[in-house]
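Each remark here refers to the structure printed beneath this line.
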Amino acid sequence: MFPKYLRFMPEPNLPPLIIYDNETLPANMNPQQVVNIDSIREQLPELPCVKRTRLVEKYGIRNEHSFTLVNEDGLVQFYERVVEQTQASPKKVIGWVINDFLALLKQDNFKVHQSPISPTDMSEVLNLLEDRLISSSVAKQVLVELWKGDGKTATQIVELKELGLIKDQKKLEQICQSVIENHPTEVSEIRQGNWKVINKLIGQVQRATHGRTSPSLVKSILEKKLS
C-alpha cells in the first residue's frame, strides 16, 4: 500500500482527458472539443527522415541528395518550387540546385531566403535550356548574372548579351573548319584513330563561340569533316 500522501488526487478544475483517433471519434462530438491524435499528427511538421524518404520516392533523386536538401534550411521548398515550374526533370533540377545554386549561396555565405535568385528565376533558366535556346555553359553564365540581382530576367539577360545558341549551320561549319585548321596536331591524332581528342576540338569551338553552341551538334559537324 502507498502512503496516503502519495495517493493520486484528481484536480477538480481539470476535466477528464479522453483521447480519440479518427476511427474512435464519436460522430456527435465536436472535433474542436476533443483530443484527436490523428488531427494533431497531421498538423505536425514533416520529420527530416520522412521528408528525405518522400523526396527520394517522389522525385527519384539520390539518397545523399535528399540529405543535402533537408540539411540546408529552405532548400527543399526551393527545389520543389523549381520542379513545379520547369519542364526539366526532377533529376536534372537537383543537379542544378545542388551544384550551381548551392555553390552561389556558399560563395557569399547566404541562406536560401537571402538568395537573389528565386525558384521562378531558376526554372526560367532551365526552361531555356530545355527548349535548346541556350547551352548548359550559358545557363551557368545566366545564373551568375541573375545572382547580381539587378532585376533582369533570364530571357532578358540572354537577349541583351546575345547568349542564345547559334543555329546558323553554315556559320557553325565555318567555325568548326577554322578550329580544325588551327589544330593540326589534334586532327592528326583523330585521323590515326584517337577519337577522344575530338573533345578538345569541341571545347575550342565552345570557346570561340562563348558557349553558344550545342556540343552534340558541334561534335556531329566535326566528325563529318574529319571522317
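The values are calculated or read from the model by the stated rules, or taken from the named source; none is laboratory data. These numbers come from a predicted model, not from an experiment. Here Cβ is always computed from backbone atoms with ideal geometry, including for glycine, and neighbour counts include all displayed protein chains. When the accessible area is computed, the model is the full protein with side chains, heavy atoms only, and any ligands, DNA or RNA have been set aside. Shrake-Rupley method; radii C 1.70, N 1.55, O 1.52, S 1.80 Å.
Think of the chain as having a plus end and a minus end, set by charges on the Cβ of Lys, Arg, Asp and Glu; of Asn194, Gln174, Ala139, Asn194 sits farthest toward the positive end of this dipole. Taking the longest Cα principal axis of the chain as reference, the axis of helix 215-226 is set at about 20 degrees.
By the rule of a C-alpha distance below 20 Å, with chain neighbours fewer than 8 residues away ignored, the aspartates and glutamates paired with Lys225 are Asp168, Glu173, Glu181, Glu186, Glu189. Accessible area per residue for segment 39-137, computed on protein heavy atoms with a 1.4 Å probe, is 58 Å². Element breakdown for the chain at a 1.4 angstrom probe: carbon and sulfur atoms account for 51% of the accessible area. Mean residue ellipticity, 222 nm, helices only, the chain: the sum of -39500 (n - 2.57) across DSSP H runs of n ≥ 4, divided by residue count and rounded to 500, is -16500 deg cm²/dmol. Charged side chains reduced to their Cβ positions (Lys and Arg at +1, Asp and Glu at -1) give segment 92-150 a dipole of some 220 debye around its Cα centre. At full extension, His210 and Gln87 could sit 41.8 nm farther apart than now, given 0.36 nm per residue minus the alpha carbon distance. Relative contact order of the chain: 12 percent, from C-alpha pairs under 8 Å at least 6 residues apart in sequence. Computed with a 1.4 Å probe on the full set of protein chains, the accessible area for Glu189 sits at about 70 Å².
For segment 110-151, trypsin sites (Lys or Arg not before Pro) meeting the loop criterion (DSSP other than H, G, I, E, B) and having at most 13 other Cβ atoms within 10 Å: Lys111, Arg132, Lys148. Site pair Asn13 and Val35 shows an inter-label distance of 1.9 nm when each label is modelled 7 Å from Cα along Cα→Cβ. Taking each residue as 0.36 nm, the span from Leu226 to Ser178 lengthens on full extension beyond its C-alpha to C-alpha distance by 16.0 nm.
When both segment 171-227 and segment 67-143 are represented by their alpha-carbon centers, they are found 31 Å apart.
In this structure Lys51 has an accessible area near 50 Å², from a 1.4 Å probe over the protein heavy atoms.
Distance between the pseudo-spin-label points of Thr120 and Arg132 (7 Å out from Cα toward the beta carbon): 2.9 nm. Sorted largest first by accessible area at a 1.4 angstrom probe radius, with every protein chain in place, the residues Val56, Val82, Val50 fall in the order Val50, Val56, Val82. In the assembled protein chains, Thr86 presents an accessible area of approximately 20 Å² (probe radius 1.4 Å). Hey, which lysines would be in cross-link range of Lys224, C-alpha to C-alpha under 28 Å, not counting anything within fewer than 8 residues on its own chain? Partners within reach: Lys167, Lys170, Lys171, Lys196, Lys200. Working from Cα pairs under 8 Å separated by at least six residues, relative contact order for segment 52-145 is 27 percent.
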